[in-house]
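Here the structure is laid out as structure tokens; the discussion comes afterwards.
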């Protein structure tokens with residue numbers, strides 16, 4: 001359906017090629033990088049939703065729980081297949097058919113079937129499941145209304161229309177690109193399907209938001225503020241009314257009708273938002289804060305309970321109760337022996353982007369074999385740099401948002417200077433990760449769009465000129481390495497600061513961090529901007545290898561010693577006092593997270609692929625770049641919530657243990673009195 005504008009076709013060939021490059025750039029970035037980012041958001045939402053359902057499984061039957069989990073898994077699987085199919089279409093267009101990928105401003109059509117068919121069917125499944133849940137939520141919210149039987153007919157009609165039209169469009173005739181649609185189907189069929197889905201979104205969003213807002217206003221007028229879990233702000237109302245999905249549907253519908261090349265980007269975003277929107281509602285359902293068949297009686301009951309509690313609190317003689325509790329507390333403290341033994345035991349307690357060297361073996365063999373090797377390497381590079389990189393960027397952005405939100409929520413526990421420093425640290429890491437993904441995407445565009453005709457000249461593609469996107473990705477990667485490894489050293493200092501071996505053990509991380517920073521500075525900033533010569537490449541190869549080895553040794557060193565100290569603390573505490581507080585290292589997973597095990601694991605494949613000059617280094621390099629942000633941010637979230645190790649962890653755990661013993665003694669004394 002993407003016709004070539006006549007003005008471009010008849011104008012200067014240079015203008016037509018420039019327009020083709022612009023369109024191709026939007027297609028690659030929108031389909032793979034932006035699509036990967038929203039796929040990361042969707043995957044995070046699906047994981048949170050599944051975890052919440054499992055945590056609250058006692059409140060629903062096994063059959064109901066299994067149905068909801070299967071629904072989430074099917075949505076996530078369809079989203080995964082969709083992003084994979086759309087990425088495969090781009091690979092087929094710009095790698096397999098690289099020499100002819102810019103023949104028209106809207107590129108060639110991929111071969112029939114294959115990844116195009118997979119993406120088409122996956123999109124239709126997502127459309128059905130997403131719109132189906134919208135109707136279910138509409139039914140739940142309007143079930144108690146006398147107008148329910150009349151209002152429900154409209155969304156059902158539009159849902160059936162969109163499903164049937166989508167079945168013919170994406171399944172029966174879906175042998176051409178997902179976005180363009182088959183040539184033997186009237187474009188009005190696709191437009192009608194999009195219009196049905198769009199009207200369904202607007203209809204449900206308007207009526208759900210209106211009903212929830214009226215409920216909130218009436219409740220506030222008659223009873224005061226609603227229960228804190230239900231609609232205390234406009235945000236939950238808009239979220240449960242699927243407003244995000246409706247908002248993202250508008251630009252998609254506009255770009256489709258205008259035949260704008262940005263359609264590739266809006267399609268990738270909308271397809272993932274059609275999964276994220278119902279999953280966010282499902283998350284509220286699993287936590288018991290969404291509208292069900294009894295929200296009004298529940299809210300009224302909660303209001304009455306709050307009034308009764310206030311009355312009871314006013315009627316209690318607080319002074320007598322306080323005196324009685326104080327006497328029990330002092331008596332229990334006198335009877336507790338001082339655990340000196342436990343107290344003493346606790347007290348001890350890559351080359352720069354685009355400069356990979358070429359392999360001579362495939363080049364000297366059969367040309368077809370060399371081209372196949374080049375296509376394989378290019379596919380790994382494109383998918384790794386854009387789709388996989390975008391996915392991990394989505395994970396990283398989610399972690400950064402959670403970290404910043406947690407720091408702001410707990411700002412009373414730290415000074416303004418400390419809060420500002422931590423927020424700047426999180427913001428700098430996020431900006432560096434954003435620049436890294438943008439730089440890698442720019443390198444891919446420059447290689448496979450700007451230089452499309454020569455993008456497969458060698459198995460490792462052409463070497464890009466210094467500067468530009470190469471520098472835009474090199475410098476952020478070096479900044480990420482410094483900040484991430486620097487926080488590892490800081491956490492090592494915090495965990496081991498009370499040990500008598502601290503001054504000796506601290507020397508190793510400081511030396512390794514300094515070596516990583518200095519070698520990275522020369523590799524990614526000094527030599528990255530020098531002309532590409534054999535001598536410079538050789539020196540740079542040793543610099544990057546030395547930096548990776550130094551960073552890897554730092555990761556292993558810090559991971560082993562932090563994990564060992566936390567594990568010994570947990571074991572000693574358990575032997576002398578019982579289980580630690582539930583917030584502090586009650587499981588091995590928490591210990592492994594705080595000791596940076598995920599980052600160490602991701603460093604191993606990068607070091608292996610870089611030293612063996614494997615084409616997968618492009619993929620694992622970007623994964624490591626984002627993981628070097630995610631790992632410290634996850635630790636930072638624990639720090640902001642007050643559950644990470646600090647200088648008061650051991651005394652606080654002891655105090656909690658003593659409090660539990662006192663409470664147990666008070667309960668036993670009260671039972672004896674009764």
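The table for this structure:
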item: Residue check for residue 133: touching a helix residue (DSSP H, G or I) at 6+ places or on another chain (Cβ under 6 Å), modelled with pLDDT of 60 or more and not in a loop (DSSP other than H, G, I, E, B); result: yes
item: Residues of region 143-156 that turn out to be at pLDDT 85 or above and in contact with a helix residue (DSSP H, G or I) (Cβ under 9 Å, 6 or more places away or on another chain), as a count; result: 5
item: Residue, modelled with the lowest pLDDT, within region 586-601, restricted to residues that are more than 16 Å from residue 633 (Cβ to Cβ) and not in a helix (DSSP H, G or I); result: 586
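The values are calculated or read from the model by the stated rules, or taken from the named source; none is laboratory data. Computed from a predicted model, the values in this text were never measured in an experiment. With ideal geometry, Cβ positions are generated from the backbone for all residues, glycine too; neighbour counts draw on all protein chains shown.
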